[in-house]
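The values are calculated or read from the model by the stated rules, or taken from the named source; none is laboratory data. Being a predicted model, the structure only gives us computed values, none of them experimental. A quick note on method: Cβ atoms are made from the backbone with ideal geometry, for glycine too, and the neighbour counts reach across all protein chains shown.
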Amino acid sequence: MCVMSDKSFRTLGNLKSHQRIHSGERPYTCNVCDKSFKWLQTLKLHQRIHTENRPYACNACDKSFRLLQTLKVHQRMHSGDLPYACLECNKSFRQLGNLQRHQHRHSGERPYSYGTCKKSFTEQGYLKKHQRMHSGERPYSCDICNKSFTEQGHLKLHQRIHTGDRPYACVECKKSFRHSGQLKVHQRIHRGERPYSCDICNKSFTQQSTMKVHQRVHNGGRPYSCNVCNKLFKALCNLQSHLLIHSEERPFTCGVCGKSFKEPKNLKLHRHTHTEG
């Protein structure tokens, strides 16, 4: 029996292993980076970082993981399983940690604050992201095009543009998407769900952002201005398309002949020249 916690064990070995929690002893050391661990099994899991050993593979997308538990959490992305539900609002999550962070919103607790602007956050991660706004730091850089980002998640989403990876597939029509948010919005098409309604004309939309753009028809809002000719636009995507007029950039390229265009509609028209006749 452990004299510190009164917990009992079947074997002396299990007792000694448990006592390291109290003593802080870390007898197992990694021979690559000298990091030490309380238990041999934890060391073996750690060593996979150095060997790139990822023995647990997802049978849906072939992505592999070092830990079985990480694989199980990942598989919920494909199954849609969200086992951790908030008792306040019934919102559910894949991981317990995500639920615990969400619950700060209901409690009003914002324990992480930034001294410069006094803004506070429910999570330390949000605070770190916010601090980069002040510092201008963009530590995550794409190794293909060198575009940099404030968050690693944003970099991963961006890299799918280069790799063509679309891991989120619709079970109804098999259409796939780069991130889960796009899939959720798409699935509303099959369900006929249009949860966002204009309070002026009652027209409904699958996305809140689309509704906000629509409302500018009623209020005349054109918040996006061209810094070259001062032309105004209702939607950011319209401004981005317009800016190509002023630049030499031609991002839309024909896969047959390599000819490039400033706008996707011009590329579509051009493609007909390869199919006609």
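At-a-glance table
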item: Residue under evaluation Cys254, criteria (1) closer than 25 Å to Ile161 by Cα; (2) of a type outside the set (A, V, I, L, M); (3) modelled with pLDDT of 85 or more; (4) over 31 Å from the mean Cα position of the chain (by Cα), criterion not met; result: (4)
item: Pairs where the first residue, in the range 226-245, is farther than 16 Å from Pro264 by Cβ and the second is polar (S, T, N, Q) and outside any loop (DSSP other than H, G, I, E, B), C-beta under 6 Å, 6+ apart; result: Leu232/Ser225
item: Extreme residue, nearest to Asp165 (Cα to Cα), among residues of the range 175-218 that are at pLDDT below 90, more than 19 Å from the chain's Cα centre (by Cα) and of a type in the set (D, E, K, R); result: Lys212
item: Count of residues meeting criterion [part of a loop (DSSP other than H, G, I, E, B), in contact with a strand residue (DSSP E or B) (Cβ under 6 Å, 6 or more places away or on another chain) and modelled with pLDDT of 85 or more] in the range 219-251; result: 1
item: Residue among Leu183, Leu244, Leu232 that alone is of a type in the set (A, V, I, L, M, F, W, C), more than 30 Å from Leu82 (Cα to Cα) and out of contact with any helix residue (DSSP H, G or I) (no Cβ under 9 Å at 6 or more places or on another chain); result: Leu244
item: Restricting the range 152-179 to residues that are in a loop (DSSP other than H, G, I, E, B) and among the basic types (Lys, Arg), the residue that is nearest to Lys203 (Cα to Cα); result: Lys175
item: Residue within the range 48-57 that is part of a loop (DSSP other than H, G, I, E, B), surrounded by 12 or more Cβ atoms within 10 Å (Cβ to Cβ) and among the charged types (D, E, K, R) present; result: yes
item: Near pairs, Cβ below 7 angstrom, 6+ apart or cross-chain, from the range 144-156 (more than 13 Å from Arg132 (Cβ to Cβ)) to any residue that is part of a helix (DSSP H, G or I); result: Ile144/His162; Lys147/His158
item: Any chance Gln182 is over 27 Å from Leu267 (Cα atoms), part of a helix (DSSP H, G or I) and out of contact with any Gly (no Cβ under 6 Å at 6 or more places or on another chain); result: no
item: Filtered residue count, the range 79-92, keeping only those that are under 21 Å from Asn59 (Cα atoms) and either exposed (fewer than 14 other Cβ atoms within 10 Å of the Cβ) or touching a residue at least 24 places away in the same chain (Cβ under 8 Å) (or both); result: 4
item: Filtered residue count, the range 58-91, keeping only those that are in a strand (DSSP E or B), touching a Phe, Trp or Tyr at 6+ places or on another chain (Cβ under 6 Å) and at pLDDT 90 or above; result: 1
item: In the range 112-133, the residues that are of a type in the set (Ser, Thr, Tyr), exposed (fewer than 15 other Cβ atoms within 10 Å of the Cβ) and within 19 Å of Asn98 (Cα to Cα); result: Ser120
item: Those residues of the range 19-31 which are part of a helix (DSSP H, G or I) and either of a type outside the set (Lys, Arg) or within 33 Å of the chain's Cα centre (by Cα) (or both), in sequence order; result: Gln19, Ile21, His22, Ser23
item: Some residue of the range 140-151 being in a helix (DSSP H, G or I), surrounded by 12 or more Cβ atoms within 10 Å (Cβ to Cβ) and either out of contact with any Cys (no Cβ under 8 Å at 6 or more places or on another chain) or among the charged types (D, E, K, R) (or both); result: no
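Condition check ((1) surrounded by 14 or more Cβ atoms within 10 Å (Cβ to Cβ); (2) hydroxyl-bearing (Ser, Thr, Tyr); (3) more than 25 Å from Gln95 (Cα to Cα)) across all residues:
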| site | (1), (2), (3) |
| --- | --- |
| Gly24 | no, no, yes |
| Leu40 | no, no, yes |
| Asn59 | no, no, no |
| Leu71 | yes, no, no |
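A quick yes/no check of all residues on (1) closer than 25 Å to Phe177 by Cα; (2) under 18 Å from the mean Cα position of the chain (by Cα):
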| residue | (1), (2) |
| --- | --- |
| Leu12 | no, no |
| Ser17 | no, no |
| Cys33 | no, no |
| Ala57 | yes, no |
| Cys61 | yes, yes |
| Gln75 | yes, yes |
| Leu96 | no, yes |
